[in-house]
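Take a look at this one; I'll ask things after.
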Amino acid sequence: MTGNLAGILRKLGDKPWIWSYLGMILIWLATVTYTMGQGGGSIISAALSFATFTVIVGIGQMFVITTGPGNVDLSIPATIALSGAICMKVMDGSNAMLPVGVLIALGTGIAVGAFNYMLIRVLRIPPIIATLSASFLILSTAIAYGRGLKIKPPPLLADFTTMKIAGIPLLAVFIIVFAILASILLNRTLYGRSVLAIGQNMRAAWLAGINVERIRYATYTLSAILAGFCGLLLAGFSGGASLDMGSEYLLASIAVVVIGGTSVAGGKSNIPGIWGASLFMFLLVTMLNTFGASAGIRLIMTGLIIVAVITVAGGDKQQR
Amino acid sequence: MKNYLLSPKFMRSALPGVSLAILLMAIFYTQPRAMSYFGLNLMLQYTVPIALATIAQMFILTVNDLDLSIGPFVGLTACIGATLLQTDPVFGVMALLACIAAYAGLGALIHWRNLPSIVVTLGMSFVWLGIAVLILPTPGGTAPAWIKAIMGFKVTFQLFGYNVVPPFPVFAAAIIAIVVHLGLMRSSYGVVLRGAGGNPRAISRAGWSMLKIKMTMFALAGLFGVLAGLSLIGLTSAADAHIADRYTLYSIAGVILGGGEFVGGRVSPAGAVIGAMTLTLAGSFLIFLRISPDWQVGAQGGILILVLALRALINWREAR
């Protein structure tokens, strides 16, 4: 009996995502103990709402990082800003235009993904610099297009993104289902398997007959499309688009991927960990706020915890 | 001679200088009044801190790592310079030395645990920013008078009986480039340091300590980061925690514009300084062209892509 329990524990310990969930529970307990049981439920409800957006872009970032060292998408914040700005302006607060808005979010993603990949493939620019330079151009487009933007989102979109059933945000339920689908995409389909294979060894994957370039193109596009949708939903959630609404997702998207147990060297991914890590990050900030920590302390703690997690998790054989 | 001038090798090494020259000519064409001592001084004044930050980034890139925290780090050292160094010089110097030691420690940590530098430095960027906010919660402080005196220094020397007064930024940039060039490109330990980026295994087999090399490179980056922060407050005379946030991007772009590569220890100190100058001038050029401020960021991204495209073209010609 005890041997069985130890076995189960060891098996759980092998799962890299377990740590983010453990950390999340510990932090929640610490916060609730501090408030003496006050607001424990509403903290979870808020965490689910806010973590949703990090999960959306985190999954896209995870696919990109999985394709191997050096692959990372730094254009996510700019894409969120651009998609949010165009969607709000075109929909102009009308429910009837909602399908158009969805198409625009999709289109923005496809365009950004193609542009990023063109820089990487045709100009042979390292992905970090390519997505960075692209993000400058994308952000400028968003600034020029969205100047003085003060348009409310369509009521239907606002309701959908903020609706809660028994304290559970509806959007979070959708994104949990989406995460399960993404997990199937990663582990059970030809595309997902190819992504993992390329991350483990690009040359071996190529020799095995995988169309490496097409898979990388699809991956950068997927990441950009998810960022586009994040822009649409975030604008609905926060009552309108703003140009800096994506900025916090640059670090967050990378951090949740790493804390969630995905290898930065590529070829090893973990989707449950992204949910755990996103909740962990939100609860961490909530805890520090509850404890009355100043902005400086909050920043230092966030940074130190990211560094501590990556140090404990350890690196792999390759870097970058 | 003509063959040599048209060879890919020469064209690649000439590209940074040629880009700078073309940009300068374009500026003088659109705004002839810029062609003066005062004009050049004004346009180039921020070259010194940006060049120092670029050199710091270059040291990190030499050993195949990437520093996403150099901007907030420069901001932190600027805050220390404008507060502690002014009120309590001994304590201030100790704080700055501790910053350099922290960088060396990061290098050791990254080497010891074989960690991805992107994630570690991304986490550290929060720590630097947090400490800076604690030291200087609101913009302010005063730069020590001696730093302002150095940054306002007027160089004059005799050449063919004329008094020559080179703009200080150009003079300082040349000194930085020469010093780093002699240390990294001409000294025997410099060759080892660069070799550590080209083939780490060969270097450690030859008996050099990779740990020591990483710590040296990170400490050097820390030192140049500190110098960048101090020279920056010498120009602005006050500091702010967010004063140098953009420097992370500038420094990476500067190294790449100057002909540096992401991996393999292929870097060029003179190129990096020229790259930093090109970036500084690009800002002024866009203002002279009366490009709307909306597109400033985008145009910088565009210039970066353009130069990288030219380099891709040269490499492609070579490969053919």
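How far, in nm, would the chain grow between A:Asn187 and A:Asp92 when pulled straight, counting 0.36 nm per residue and subtracting the alpha carbon separation?
30.2 nm
Just the accessible area per residue of the protein assembly as shown, please: how many Å² with a 1.4 Å probe? Present the calculation step by step, with values, prior to reporting the outcome.
Values: 27880 Å² over 640 residues.
In whole numbers, the protein assembly as shown has 44 Å² accessible per residue.
Hey, can you list the DSSP H helices of chain B whose Cα span along the axis is 24 Å or longer and whose average Kyte-Doolittle score is at least -0.5? Intermediate results must be reported in sequence, preceding the final value.
Values: long enough: B:8-30 (32 Å, 1.20); B:89-112 (34 Å, 1.77); B:117-135 (26 Å, 2.33); B:210-236 (39 Å, 1.66); B:269-288 (29 Å, 1.71); B:296-319 (34 Å, 0.96).
In chain B, the long hydrophobic H runs are B:8-30, B:89-112, B:117-135, B:210-236, B:269-288, B:296-319.
In addition: Largest first and in whole Å, give the semi-axes of the range A:39-188's equivalent ellipsoid, each being the square root of 5 times a Cα gyration tensor eigenvalue.
On the way: eigenvalues 158, 101, 36 Å².
Its equivalent ellipsoid spans semi-axes of 28, 23, 13 Å.
Calculate the mean, over all residues of peptide A:61-73, of how many other protein chain Cβ atoms lie within 10 angstrom of the residue's Cβ.
That works out to 1 on average.
For every helix of n ≥ 4 consecutive DSSP H residues, a contribution of -39,500 (n - 2.57) applies; sum these over chain A, divide by its total residues, and give [θ] at 222 nm rounded to the nearest 500 deg cm²/dmol.
-24500 deg cm²/dmol
Then there is this: Summed for both chains, how many Å² of accessible area, to the nearest 100, are buried between B and A with a 1.4 Å probe?
What B and A bury together is about 3700 Å².
Run the 1.4 Å probe and let me know the accessible area of A:Leu243, rounded to the nearest 10 Å².
Using a 1.4 Å probe on the heavy atoms, I get roughly 70 Å².
Springs between alpha-carbon atoms under 10 Å, Gaussian network over chain A: tell me which of A:Ile76, A:Ile86, A:Ile125 tops the mean-square fluctuations.
A:Ile125
Sort largest first and round to whole Å: the equivalent ellipsoid semi-axes of the range B:113-220, each the square root of five times a Cα gyration tensor eigenvalue.
Working: eigenvalues 249, 160, 17 Å².
With the √(5λ) rule applied to the range B:113-220, the semi-axes are 35, 28, 9 Å.
Please list the three semi-axes, largest first and in whole Å, of the ellipsoid equivalent to chain A, using sqrt of 5 times the eigenvalues of its alpha carbon gyration tensor.
Values: eigenvalues 175, 159, 64 Å².
Working through the eigenvalues yields semi-axes of 30, 28, 18 Å.
B:Tyr37 versus A:Arg10, label points 7 Å from Cα toward the beta carbon: distance in nm?
7.9 nm
Another question about this same structure. Using per-residue counts of other Cβ atoms within 10 Å, averaged over each peptide, order B:36-48, B:227-239, A:177-189, A:60-72 from highest down. Intermediate results must be reported in sequence, preceding the final value.
Working: B:36-48: 18.0, B:227-239: 23.3, A:177-189: 14.5, A:60-72: 26.1.
Packing proxy ranking, top to bottom: A:60-72, B:227-239, B:36-48, A:177-189.
When the Kirkwood radius is taken over all Cα pairs of the range A:142-197, what Stokes-Einstein diffusion coefficient follows at 20 °C and 1.002 mPa s, in µm²/s?
148 µm²/s
On to the next question. Quick one: what are the phi-derived ³J(HN,Hα) couplings along the range A:112-123, Karplus 6.51/-1.76/1.60 with θ = phi - 60°, whole Hz, x for glycine and proline?
With the stated coefficients, the range A:112-123 comes to 5, x, 5, 5, 4, 5, 4, 4, 5, 8, 6, 8 Hz.
Among A:130-139, A:34-43, B:262-271, B:140-149, how do they line up from the highest to the lowest mean number of other beta-carbon atoms within 10 Å?
A:130-139, B:262-271, B:140-149, A:34-43
How large is Rg over Rh for the range A:260-307, taking Rg from the Cα atoms and Rh as the Kirkwood inverse mean of 1/r across Cα pairs?
Here Rg/Rh amounts to 1.10.
In the protein assembly as shown, what is the volume of the convex hull around the alpha carbon atoms, normalised per residue and reported in Å³? Display every interim value, and only then the final one.
Numbers: hull volume 125.9 nm³, N = 640.
It comes to 197 Å³ per residue, whole-number rounded.
What distance in nm lies between label points placed 7 Å from Cα along the C-beta direction at B:Ala206 and B:Val165?
Result: 4.8 nm between the two label points.
From the phi angles alone, apply the Karplus equation (6.51, -1.76, 1.60; θ = phi - 60°) to the range A:231-241 and give each ³J(HN,Hα) in whole Hz, x where the residue is Gly or Pro.
x, 4, 5, 5, 5, x, 5, 9, x, x, 8
Can you list which of the trypsin sites (Lys or Arg not before Pro) found in the range A:126-178 are DSSP loop residues with at most 15 other C-beta atoms within 10 Å?
A:Arg147, A:Lys150
On to the next question. P(r) for chain B: what percent of alpha-carbon pairs falls in each 20 Å bin, starting at zero?
It works out to 31, 58, 11, 0, in whole percents.
Let me ask something else. Obtain the nm distance between the two label points defined at A:Asn211 and B:Leu97 by a simple spin-label model: each point lies 7 Å from its Cα along the Cα-to-C-beta direction.
6.2 nm
If I take R0 = 30 Å and measure r between the Cβ atoms of B:Lys148 and B:Trp112 in this structure, what FRET efficiency does the formula 1/(1 + (r/R0)^6) give, to the nearest 0.05?
That gives a FRET efficiency of 0.15.
Note the full-extension length gain between A:Ile110 and A:Asp159 as 0.36 nm times their separation in residues minus their Cα-Cα distance, in nm to one decimal.
Result: 15.0 nm gained on full extension.
Over 24 Å, how big is the tail of the calculated P(r) for the range B:200-320, in percent of all Cα pairs?
When all Cα pairs of the range B:200-320 are counted, 44 percent exceed 24 Å.
Under the rule of -39500 (n - 2.57) per DSSP H run of 4 or more residues, summed and divided by the residues of chain B, what mean residue ellipticity at 222 nm is obtained, to the nearest 500 deg cm²/dmol?
On the way: 16 runs with 231 residues, N = 320.
It comes out at -23500 deg cm²/dmol, rounded to the nearest 500.
In addition: Given H placed on each backbone N at 1.01 Å, which residues far from B:Gly260 in sequence or on other chains put an amide H within less than 5 Å of it?
Result for B:Gly260 returns B:Ser268.
Let me ask another. Give the Kirkwood hydrodynamic radius (Å, one decimal) of the range B:46-87, defined as one over the mean of 1/r across all pairs of different Cα atoms.
For the range B:46-87, inverting the mean 1/r across all distinct Cα pairs yields 11.3 Å.
Counting only the heavy atoms of the protein chains, how much of B:Leu122 is accessible to a 1.4 Å probe, in Å² to the nearest 10?
Surface open to solvent at B:Leu122 totals about 20 Å².
What per residue convex hull volume, in Å³, do the alpha-carbon atoms of the range B:1-115 yield?
Per-residue hull volume (Cα only) is 180 Å³.
The values are calculated or read from the model by the stated rules, or taken from the named source; none is laboratory data. Given the structure is predicted, the values throughout are model-derived calculations rather than measurements. Here Cβ is always computed from backbone atoms with ideal geometry, including for glycine, and neighbour counts include all displayed protein chains. Surface accessibility is based on the protein's heavy atoms, side chains included, excluding ligands, DNA and RNA. Shrake-Rupley method; radii C 1.70, N 1.55, O 1.52, S 1.80 Å.
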